[in-house]
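K.L.:
Questions regarding the structure given below will be posed in turn.
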Amino acid sequence: MTDIIVGIDLGTTNSEVAIVREGRVEVIPVAPGVRILPSLVGVADDGSLLVGEPARNQYALHPERSVRSIKRRMGEYTAVQMAGKDYSPQEISAMILRRLRDIAEAHIGQPIGKAVITVPAYFSDAQRQATREAGEIAGLEVVRIINEPTAAALAYESCHSGARKALVYDLGGGTFDVSVVNLESDVVEVLASHGNNHLGGDDFDDKLITFAIDHLQAQHDIDVRPHAQAMARLQHAAEAAKITLSDEPYATLAEEYLLEKDGVPIHLSVEISRDEYEEMIEPYVAETLEAVHVALSGAGLTVADINEILLVGGATRTPLVQRRLERELGMQPRAEVDPDLCVAMGAAIQAAVIAGGKAPTVLVDVTPYTFGTNALDYFNGEMYPYCYVPLVRRNTPIPVSKSEGFCTVFDGQSKVDINVYQGEDPDALNNIEIGRFTIEGLRDAPAGNPLITTFSLDLNGILEVTAREKNTGLVHSITIDNAISRFTGDKLAEARQRIDGLFSDQENAEGRPGESAEAAPADDSRRLRVEAGALIEKAERLLASAGTEDAEDLVNGIEAVKDQVGGPDANLKKAMDTLADLLYYLDA
Ligand code: AMP
C-alpha cells in the first residue's frame with residue numbers, strides 16, 4: 001500500500017481535507033454531499049466532543065461550551081476555555097485535524113499518518129510551528145506547511161503557464177487576504193501579502209441581520225437582539241439570503257417561527273434586492289480593493305504587471321466582488337476552481353508531488369463562452385438598447401444557473417423581447433445571437449415592472465433561458481440545444497469569409513446571384529447602407545431625451561432598419577423612410 005499524504009486547508013471558518021487518487025484530486029466529503037467542515041469544536045450536554053456542524057449549531061446557545069475561529073489564536077501562549085476546561089490553541093486545532101483525519105481514513109479505508117497543511121502567507125514562525133504541533137497532536141506528521149496562496153496557484157495550475165504574476169484574492173468567512181505571487185517553473189513565491197483578519201462574508205451576513213432586525217422592529221415593534229435563539233435563526237436566514245443573492249436578483253430573508261411576542265408567533269419574511277444588498281456591502285469591498293493596491297505596492301508592482309487574478313474563499317462568489325475586481329484590474333478574475341475547496345486541492349497536489357507522484361490537474365467542466373442578453377442602458381454616454389448583459393460568464397463551472405433583474409421601459413408595456421447571445425462584446429449586436437423569444441401578456445403597469453431572466457446551462461451544453469414577470473409569476477422560456485458548440489467569433493468570421501469567397505467566385509462567373517438586371521448598382525446599395533448607419537446613430541442619440549412612448553417607437557424603428565440592413569434595398573429604404581419620418585417629427 002502506498003503512503004497517502006493528505007492535503008488539509010485548516011481555515012478560520014471552514015476546513016477541508018483532500019487527497020489525490022489515480023491522478024485525480026478529491027475533496028473528501030465530511031457528510032453525505034458536504035465537503036466543508038466548519039472549524040468549530042464544542043462539548044455537548046452529555047459531555048461528548050462536537051466537531052464541525054453540530055458545534056456550529058450549538059455555538060449561539062452555548063458559547064461557553066464551544067470554540068470558533070481558533071486559527072486567530074494560533075501561536076499565542078494562551079489558554080482557551082471550553083466547558084470549564086483549559087486548552088491550548090494547538091489542542092483545539094488538533095481536534096479539527098483529528099476529525100478530518102478520521103473522515104479521510106474512513107473514506108479511503110487505510111490509516112493516514114502524513115499531511116500537508118496550509119497557512120496564511122503572513123503567518124509567523126511561531127504560528128507555523130503551532131500548526132505543526134496541532135498536526136502532531138492529531139497523529140499527523142506534517143510533512144510540509146505551505147502558504148494558502150501557493151496552494152491556490154497549484155490548484156489553478158497557474159504555474160504551468162510559464163513565468164507570470166498572479167494576484168490571489170482570498171475572501172473567506174472571517175478573514176481577507178490578498179497576495180501577489182510570482183510563478184516560475186513550478187515554483188510559487190509569495191512577493192507580498194496584505195489583508196484584514198476581521199473582514200469576510202460574516203460581515204455581509206451582519207448587514208443583512210441588521211436589515212432584518214430593523215424590519216422586525218418597524219413591523220412588529222420587537223427587538224430581537226436579546227433573544228439568542230432567534231438571533232441564531234436570523235444568522236442562518238441571513239447567510240441563506242446572501243448566498244441566493246449571488247445567483248438571483250432578489251432574495252427573501254425568511255424564518256417561519258422566529259420567536260413569540262405576547263404568545264403570538266412572529267414570522268420573518270422580508271425581500272431584499274441585490275442592488276440594496278450591494279449598497280450595504282460596498283464599503284467592505286472597497287476596503288479589500290485598497291488592500292489589493294497595498295499588496296501590489298508591497299511587491300513593487302502595478303496593476304499592469306498582473307497576469308491573472310485567482311479567486312479563493314466562499315465570499316468571492318459575491319457578484320459585486322467579482323465586478324469590482326474586474327473593473328479595478330481590467331481583467332476577468334479566474335473562478336473556475338471551487339473557491340471553498342481550491343486551497344485544500346492545492347495542498348493535496350503538493351502532497352502528491354512530495355509522495356513522489358506527478359502533479360495532477362484539477363478537472364472542472366466550464367463553459368468556454370459567455371452567454372447573455374441585452375438591455376437598454378448607457379453605452380458610450382448614450383442610451384442604447386443593445387447593451388450586453390452577460391449572465392453566465394466564460395469559465396464558469398457548469399452546471400450553472402444565474403438570474404438577473406430587468407425592468408419594462410414603457411408604461412403599459414405588455415411584452416418584452418428576450419435575445420440570447422453568445423460572446424463577450426459590450427455591444428450585444430457584435431455577439432452571436434443564438435436564440436430569441438417574447439414574453440407577452442405582462443400586467444398593465446408603469447415602466448419599471450420587474451422581470452427576472454434566468455440562464456441555466458447544463459453539462460450537455462443545453463441552455464434554458466426563462467423570463468418571469470416578478471409580480472405575477474408569468475413565465476416564458478426557450479431551450480437552446482448545443483449552446484456551447486455553436487460558432488465562436490473566430491469560426492464565424494472564417495465561415496463568413498468562406499461563404500463570401502464562394503459567392504464572389506460565383507459573381508465573377510455569372511454576375512451577382514439573386515439580383516435582377518434592373519438592380520441598383522453596388523455603389524448605390526452601399527451608400528444606402530451608410531445612410532442607414534447614420535440614421536440609426538441619430539435615432540439612438542435621440543433615444544436618451546425621448547419620452548417613453550416615443551422611445552418605444554424609436555427602438556422599433558431602429559430595429560426595423562437594422563433587420564433590413566442585410567436584406568433587399570427596397571425593404572431597407574422603406575424601413576429607413578419610416579424611421580426618418582419619426583426623427584423629423586421628434587426633431588420638430
Ligand atoms: P470560506 O471561509 O472560504 O469557506 O468562506 C466562507 C464564506 O463564504 C462564508 O461567509 C459563506 O457564507 C460565504 N459563501 C459561501 N458561498 C457563498 C455564495 N454563493 N455567495 C456569497 N458568499 C458565499
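The values are calculated or read from the model by the stated rules, or taken from the named source; none is laboratory data. This structure is a prediction, so every number in the text was calculated from the model and none was measured. Positions of Cβ are generated from backbone atoms using ideal geometry, with glycine treated the same way; all protein chains shown enter the neighbour counts. Calculation scope for accessible area: heavy atoms of the full protein, side chains included, ligands and nucleic acids excluded. Shrake-Rupley method; radii C 1.70, N 1.55, O 1.52, S 1.80 Å.
K.L.:
With the requirement that a residue be at pLDDT below 95, in a strand (DSSP E or B) and out of contact with any helix residue (DSSP H, G or I) (no Cβ under 8 Å at 6 or more places or on another chain), what does region 381-406 give you?
P.N.:
P397, the sole residue that qualifies.
K.L.:
Can you name the number of the only condition in (1) touching a helix residue (DSSP H, G or I) at 6+ places or on another chain (Cβ under 9 Å); (2) surrounded by 21 or more Cβ atoms within 10 Å (Cβ to Cβ) that L320 fails?
P.N.:
(2)
K.L.:
Separate question: In region 39-47, is there at least one residue being within 26 Å of the chain's Cα centre (by Cα), farther than 27 Å from A359 by Cβ and open to solvent by less than 10 Å² (accessible area, probe 1.4 Å)?
P.N.:
The answer is yes, given that some residue of region 39-47 is within 26 Å of the chain's Cα centre (by Cα), farther than 27 Å from A359 by Cβ and open to solvent by less than 10 Å² (accessible area, probe 1.4 Å).
K.L.:
Let me ask you something else. Starting from residues that are part of a strand (DSSP E or B) and either more than 13 Å from the ligand (Cβ to nearest atom) or more than 24 Å from V187 (Cα to Cα) (or both), keep the ones in region 161-170 and report whichever is modelled with the lowest pLDDT.
P.N.:
R164
K.L.:
Test each condition in (1) within 27 Å of C407 (Cβ to Cβ); (2) in contact (Cβ under 8 Å) with a residue 24 or more places away in the chain; (3) in contact with a strand residue (DSSP E or B) (Cβ under 6 Å, 6 or more places away or on another chain) for Y277 and report the one that comes out false.
P.N.:
Result: Y277 passes all but (3).
K.L.:
Moving to a separate point now. Is it the case that some residue within region 200-219 is in a loop (DSSP other than H, G, I, E, B), touching a residue at least 60 places away in the same chain (Cβ under 8 Å) and more than 16 Å from the ligand (Cβ to nearest atom)?
P.N.:
Within region 200-219 (the criterion being in a loop (DSSP other than H, G, I, E, B), touching a residue at least 60 places away in the same chain (Cβ under 8 Å) and more than 16 Å from the ligand (Cβ to nearest atom)), the answer is no, since none of the residues qualifies.
K.L.:
A further question follows. Can you work out which of the residues in region 426-457 that are farther than 20 Å from V389 by Cα and touching a strand residue (DSSP E or B) at 6+ places or on another chain (Cβ under 8 Å) is least open to solvent (accessible area, probe 1.4 Å)? Lay out the reasoning, then the answer.
P.N.:
Here is the first cut: in region 426-457, the residues farther than 20 Å from V389 by Cα are 440-446.
Checking the rest, the ones that are also touching a strand residue (DSSP E or B) at 6+ places or on another chain (Cβ under 8 Å) come to 440-443.
Details: E440: 118, G441: 60, L442: 14, R443: 92 Å².
The qualifying residue least open to solvent (accessible area, probe 1.4 Å) is L442.
K.L.:
Let me ask something additional. Can you tell which of A359, A335, A344 is of a type in the set (A, V, I, L, M, F, W, C), open to solvent by 30 Å² or more (accessible area, probe 1.4 Å) and within 16 Å of the ligand (Cβ to nearest atom)?
P.N.:
After applying the criteria, what remains is A335.
K.L.:
Hey, can you tell me all the residues within region 365-421 that are closer than 19 Å to D247 by Cα, of a type in the set (D, E, K, R) and more than 16 Å from the chain's Cα centre (by Cα)?
P.N.:
Result: no residue meets the conditions.
K.L.:
Of the conditions (1) assigned by TED's automatic domain parsing to the domain that holds L320; (2) within 16 Å of the ligand (Cβ to nearest atom); (3) in a strand (DSSP E or B), G173 satisfies every one except a single condition; which number is it?
P.N.:
The failed condition is (3).
K.L.:
From V178, V188, which residue is away from the ligand (no atom under 11 Å from the Cβ), buried (at least 23 other Cβ atoms within 10 Å of the Cβ) and modelled with pLDDT of 95 or more?
P.N.:
Answer to the check: V178.
K.L.:
If you don't mind, there's one more thing I want to ask. Residues of region 400-411 being open to solvent by 40 Å² or more (accessible area, probe 1.4 Å) and either of a type outside the set (K, R) or without any contact (Cβ under 8 Å) to a residue 12 or more places away in the chain (or both), which ones?
P.N.:
S401, E404, C407, V409, D411 - these are the residues of region 400-411 that are open to solvent by 40 Å² or more (accessible area, probe 1.4 Å) and either of a type outside the set (K, R) or without any contact (Cβ under 8 Å) to a residue 12 or more places away in the chain (or both).
K.L.:
Okay, next question. Can you name every residue in region 220-264 that is aliphatic (A, V, I, L, M) and within 16 Å of the ligand (Cβ to nearest atom)?
P.N.:
Scanning region 220-264 gives A232, L234, A237, A238, A240, A241, I243, L245, A251, L253.
K.L.:
Scanning region 92-137 for residues that are within 26 Å of V178 (Cα to Cα) and of a type in the set (S, T, N, Q), which turns out modelled with the lowest pLDDT?
P.N.:
S124
K.L.:
A further question follows. R24 fails exactly one of the following numbered conditions: (1) touching a residue at least 12 places away in the same chain (Cβ under 8 Å); (2) of a type in the set (D, E, K, R); (3) farther than 23 Å from M345 by Cβ. What is the number of that condition?
P.N.:
All conditions are met except number (3).
K.L.:
Return the pairs, sorted by first residue and then second, in which the second residue is among the polar types (S, T, N, Q), the first residue lies in region 386-399 and is free of Cβ contacts under 8 Å to residues at least 40 places away in the same chain, the beta carbons are less than 9 Å apart, and the residues are 6+ apart or on different chains.
P.N.:
Correct list of pairs: V389/T373; V389/N374; V389/T453; P390/T370; P390/T373.
K.L.:
Quick check on this structure: which one of T438, T454, T373 is modelled with pLDDT of 90 or more, more than 28 Å from D550 (Cβ to Cβ) and in a strand (DSSP E or B)? It would help to see each step written out before you state the result.
P.N.:
On the way: T438 fails: more than 28 Å from D550 (Cβ to Cβ); T373 fails: more than 28 Å from D550 (Cβ to Cβ).
T454 is the lone residue from the list that is modelled with pLDDT of 90 or more, more than 28 Å from D550 (Cβ to Cβ) and in a strand (DSSP E or B).
K.L.:
In region 362-399, how many residues are of a type in the set (G, A, S) and open to solvent by less than 50 Å² (accessible area, probe 1.4 Å)?
P.N.:
2
K.L.:
Further question: Just the residues that are open to solvent by less than 60 Å² (accessible area, probe 1.4 Å), over 13 Å from V41 (Cα atoms) and in contact (Cβ under 8 Å) with a residue 40 or more places away in the chain, please, taken from region 67-113.
P.N.:
The answer is M74, G75, R101, I103, A104, I108, Q110, I112, G113.
K.L.:
Scan (1) under 14 Å from A347 (Cα atoms); (2) within 27 Å of the chain's Cα centre (by Cα); (3) of a type outside the set (A, V, I, L, M, F, W, C); (4) open to solvent by 10 Å² or more (accessible area, probe 1.4 Å) for the single condition S193 breaks and write down its number.
P.N.:
Unmet for S193, out of (1) under 14 Å from A347 (Cα atoms); (2) within 27 Å of the chain's Cα centre (by Cα); (3) of a type outside the set (A, V, I, L, M, F, W, C); (4) open to solvent by 10 Å² or more (accessible area, probe 1.4 Å): (1).
K.L.:
I've got another one for you. From the list G423, G330, exactly one residue is open to solvent by less than 20 Å² (accessible area, probe 1.4 Å), more than 16 Å from the ligand (Cβ to nearest atom), touching a helix residue (DSSP H, G or I) at 6+ places or on another chain (Cβ under 8 Å) and on the phi > 0 side of the Ramachandran plot. Which is it?
P.N.:
G423
K.L.:
Going through D102, D3 one at a time, which residue ends up being outside any loop (DSSP other than H, G, I, E, B) and of a type outside the set (V, I, T)?
P.N.:
Within the list D102, D3, the selection yields D102.
K.L.:
Name the residue, out of R21, R35, that is surrounded by fewer than 22 Cβ atoms within 10 Å (Cβ to Cβ) and within 15 Å of the ligand (Cβ to nearest atom).
P.N.:
R35
K.L.:
Suppose the filter is among the aliphatic types (A, V, I, L, M) and within 16 Å of the ligand (Cβ to nearest atom); does V285 pass it?
P.N.:
Answer is yes for this residue.
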